[in-house]
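Have a look at the structure below, then the notes.
What follows draws every value from the coordinates through simple rules; no lab data is involved. If you're wondering where the values come from, they're calculated on a predicted model, not measured in any experiment. No Cβ is skipped: glycine too gets one built from the backbone with ideal geometry, and neighbour counts run over all protein chains shown.
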Amino acid sequence: MGIFFLISGITIALVIGATSTTQTWDALRHIGIKDIILLSALCGLMLLFDTLRTSVLCTAIGHRIPFTYVLKMILVGMFFGAITPLQLGMLPVEIYMMYKYDIPLGNAISIDVVKRISTMGILAIAGVIVLVTNSAFASNKILLYLYYYVVFFYLFISFLFLGVYFFPKQTMWLVDKILGYLHKRSVIKDYEVDRYVHGVADDYFNALDLYLHKGRFGFFVALAIGCLFITTQFILAPVIIHGLGFKVSFMDAIQAQIILLPMLYFSPTPGGSGVAEGGFALLFTSFIPTHLIGISVVLWRIFTTYIGVTLGMILTLGSIDVDKILHTRLTKR
C-alpha cells in the first residue's frame, strides 16, 4: 500500500510541480459543495453498478449473495488490486470471498473472469474505434504501441481463461501433463488433487455454458450494467474539470479515458500507480489548460480510486485478527 501511494504521490508531485501556477489555486476555488456532492454521488454510483453487475452474474448461474457482502468483496478487491502489479490481487481475493460463501471454486472463477473479460473487451473495442477516428491520438506512436501491448495482453488472457470452454479436451490434456510433471517431481503427492482440479474445471466449464445458454439474459443484463459503470467513471473527469471552471468537451474527455483505462489493467505498477496519473496528464494536456492538469489528476484519482482503495483497506484490516498474528510471531521468536 505504501508503494502504491508513494509512486502515485511522486508522479502527482511531478505533474503538479510542472503545471501549477497561481491560476491553479484560483481554479480550485471554483469547486463548491455542489461539485463535491455530485462527485461523491458518481463515486457511489460506480460502486453500486460494480456491485450490482457482480450480483447479477452470480444469480445468472444460480448463486445468491447478499448485496452488502458483494459490496465488501468489491472494495476489498480494489484494495488488493492496488497493492499488486497488473492489479493481479483483485481476481483471487474476490474468487476467495465467493468461495467462502459456498460458491464452488470453478463457478467463482467464471463469475470474475466473465466480469473482467467483458469489461476489458468493451474498453478494448472502444479504444480501437477512438484510435481509428481520432487522428490526434493515432498520430502518437508511443500511445499506439502501448495500446498494441494492451490488446495483445487482453487477447492472451482471454484465450487462457476461455480456452477451457472452447478447447476442453486440449486444455485438460495440458493440465494433466502439468499435473503429471508435478507428481514426478514430488511437488504433488496426493492424487486426490488431480480429481479436485478436474472438478473445478468441470464447474468452470458448466458456468460458462450457463452464461451462453440458460443464463445469457443475466449475462447481457450484467453487460449493460457494466457499460453504466464505465460511463459513470468516464463522467467524473469532465465534471471535475467543469467544476474547476473550464468547459471541456465531454467527448474529448471520454475518448482520452477510453485510451487510458485499459492500460491501467495491465500496468506493471501496483494498482496502475504512476501510469494513471502520468497517462491522464499526457492525454488531457492537449485539450485543457496546463494549469488545470495537476489538480485534475489529484481529484480524478481520489474519486475513481483512492476512496475505494482506502475503504477496502479498512475492511481488510478489520477482517484480520492482528493480535493472533502478532502473538504467533512473538511465540516463534
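Brief remarks follow.
- Residue-wise HN-Hα coupling along the stretch 45-61, computed from phi with Karplus coefficients 6.51, -1.76, 1.60 (Hz; x: Gly, Pro): 5, 4, 5, 4, 5, 5, 5, 5, 5, 5, 4, 5, 5, 5, 5, 4, 10
- Ratio Rg/Rh [Cα only; Rh per Kirkwood] for the stretch 31-134: 1.05
- Net length gained if the chain between Leu14 and Leu317 were fully extended (0.36 nm per residue, minus Cα distance): 106.0 nm
- Cα centroid of the stretch 181-217 to Cα centroid of the stretch 44-91, whole Å: 23 Å
- Note, ³J(HN,Hα) from phi for the stretch 241-253, Karplus 6.51, -1.76, 1.60, rounded to Hz, x at Gly and Pro: 5, 4, x, 7, x, 10, 8, 7, 6, 4, 5, 4, 5
- Net charge contributed by nearby residues that have their C-beta within less than 13 Å of Ile293 (K/R +1, D/E -1): 0
- Given charges at beta-carbon only (K, R positive; D, E negative), |dipole| of the chain in Debye: 340 debye
- Karplus 3J(HN,Hα) series, Hz, for the stretch 156-161 with 6.51 cos²θ - 1.76 cosθ + 1.60 (x for Gly, Pro): 5, 5, 4, 5, 4, 7
- Pairs of lysine residues in the chain - Cα separation under 25 Å, sequence separation of 8 or more or cross-chain: 14
- Dipole of the chain, positive direction: furthest Cα of Thr310, Val130, Phe49, with charges on the beta-carbon: Thr310
- One compactness figure for the chain is 1.09, namely its Cα radius of gyration divided by 2.2 N^0.38 Å.
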